[in-house]
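Below: the structure, in structure tokens.
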Amino acid sequence: MKFKSLAALLATSATLLSPVAASAHFLLHYTDSSLIERPGDVPVGLIFWHPMANGHAMDMGKPEEFYMIHNGEKTDLSDRLQPATFKGAENESAAYTASIPVKRSGDYVVVTVPAPYYEESEDIYIQQITKSVLNRNTLPTDWDQPVGLPTEILPLNKPYNVIVGSTFSGQVLADGKPVAGAEIEIEFMASEPDLETFATTDPTTGEMPGGAIVAISDANGVFTFGIPKAGYWGFAALGSGPATEHEGKELSQDAVIWIEATDLK
């Protein structure tokens, strides 16, 4: 759902509390850290989950695309995908593991274009096109460049260099153009998965009492959110993509980005 009528009323995005249920669907790219010290293959888990609630996990189909961009060069990583069973707090689900070949210094923009997921309770399909950024040796190369996806969130801060107490801003794009009035759901990864056991861990926080954390993009597609806690934060622009139908049913084509925030030392 998009609130385009609100865009004219907001000079900048505002963080709002939605009356709907707090937990939200999020496709996770999870690595133990987004800052990579040594060259090698970096393990990653692809999980479709409710990460802030440590709740129900959904079955993933095989992604349509899985790749990385480094120094402007795209590398297909689909042959690195391995089916796996994620052990959540409430249930087990079909998920994937993979590895990202991080060798040279710079940014590695990781992209998953998942197969649409059928949400039976809403009778719609959901496709969360997801980005995250790894970095080696603090050399910035690709983080601030659009990938060219049907819909994506372009970070306006380094996504691996966000300080707790500061803000993170992003621009929602569809076919390369700003999306005004997009609804962005925001979730903290309260339970970071254990990649060795591929299972959930004890949560470090609970859900918000006021419902889902939501921001609305302004006329330029930009939103801003204050970061209150260290860890991974996910931002999902709901229905921001141009595709609206799949197999005869409504499709919510969402743009997702994950960032890692750290405390100032």
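The values are calculated or read from the model by the stated rules, or taken from the named source; none is laboratory data. This is a predicted model, so every value here is computed, not measured. Here Cβ is always computed from backbone atoms with ideal geometry, including for glycine, and neighbour counts include all displayed protein chains.
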query = Quick one: in region 107-132, which of the residues that are among the polar types (S, T, N, Q) and at pLDDT 95 or above is nearest to residue 157 (Cα to Cα)?
reply = 132
query = Since residue 175 meets every condition but one in (1) touching a Lys or Arg at 6+ places or on another chain (Cβ under 8 Å); (2) surrounded by fewer than 16 Cβ atoms within 10 Å (Cβ to Cβ); (3) in contact (Cβ under 8 Å) with a residue 60 or more places away in the chain, which condition does it not meet?
reply = (1)
task = Filter region 41-94 for residues that are of a type in the set (A, V, I, L, M) and touching a residue at least 40 places away in the same chain (Cβ under 8 Å) and give the result.
result = 42, 44, 46, 47, 52, 53, 58, 60, 68, 69, 84, 89
inquiry  = Looking at 53, 84, can you tell me which residue is at pLDDT below 95 and within 20 Å of residue 26 (Cα to Cα)?
reply    = 53
inquiry  = Just the residues that are at pLDDT below 95 and of a type in the set (Asp, Glu), please, taken from region 193-221.
reply    = 202, 207
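Return the residues of region 241-265 that are touching a residue at least 24 places away in the same chain (Cβ under 8 Å) and assigned to a loop (DSSP other than H, G, I, E, B); say none if nothing qualifies.
Once the filter is applied, which keeps residues that are touching a residue at least 24 places away in the same chain (Cβ under 8 Å) and assigned to a loop (DSSP other than H, G, I, E, B), region 241-265 yields 241, 242, 243, 247, 263, 264.
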Restricting region 144-166 to residues that are part of a loop (DSSP other than H, G, I, E, B) and either in contact with a Pro (Cβ under 6 Å, 6 or more places away or on another chain) or among the polar types (S, T, N, Q) (or both), the residue that is nearest to residue 134 (Cα to Cα) = 161
ask   = Only one residue in 108, 118 is of a type outside the set (Val, Ile, Thr), touching a Leu at 6+ places or on another chain (Cβ under 9 Å), assigned to a strand (DSSP E or B) and over 15 Å from residue 256 (Cα atoms), so which one is that?
value = 108
task = Check whether at least one residue in region 167-189 is within 15 Å of the chain's Cα centre (by Cα) and in a loop (DSSP other than H, G, I, E, B), and report yes or no.
result = yes
inquiry  = Here's a check for you: in region 202-231, which residue that is surrounded by fewer than 16 Cβ atoms within 10 Å (Cβ to Cβ) and either in contact with a His (Cβ under 7 Å, 6 or more places away or on another chain) or polar (S, T, N, Q) (or both) is farthest from residue 47 (Cα to Cα)?
reply    = 220
ask   = Hey, residue 199 hits all of (1) surrounded by fewer than 23 Cβ atoms within 10 Å (Cβ to Cβ); (2) in contact with a helix residue (DSSP H, G or I) (Cβ under 8 Å, 6 or more places away or on another chain) but one; which does it fall short on?
value = (2)
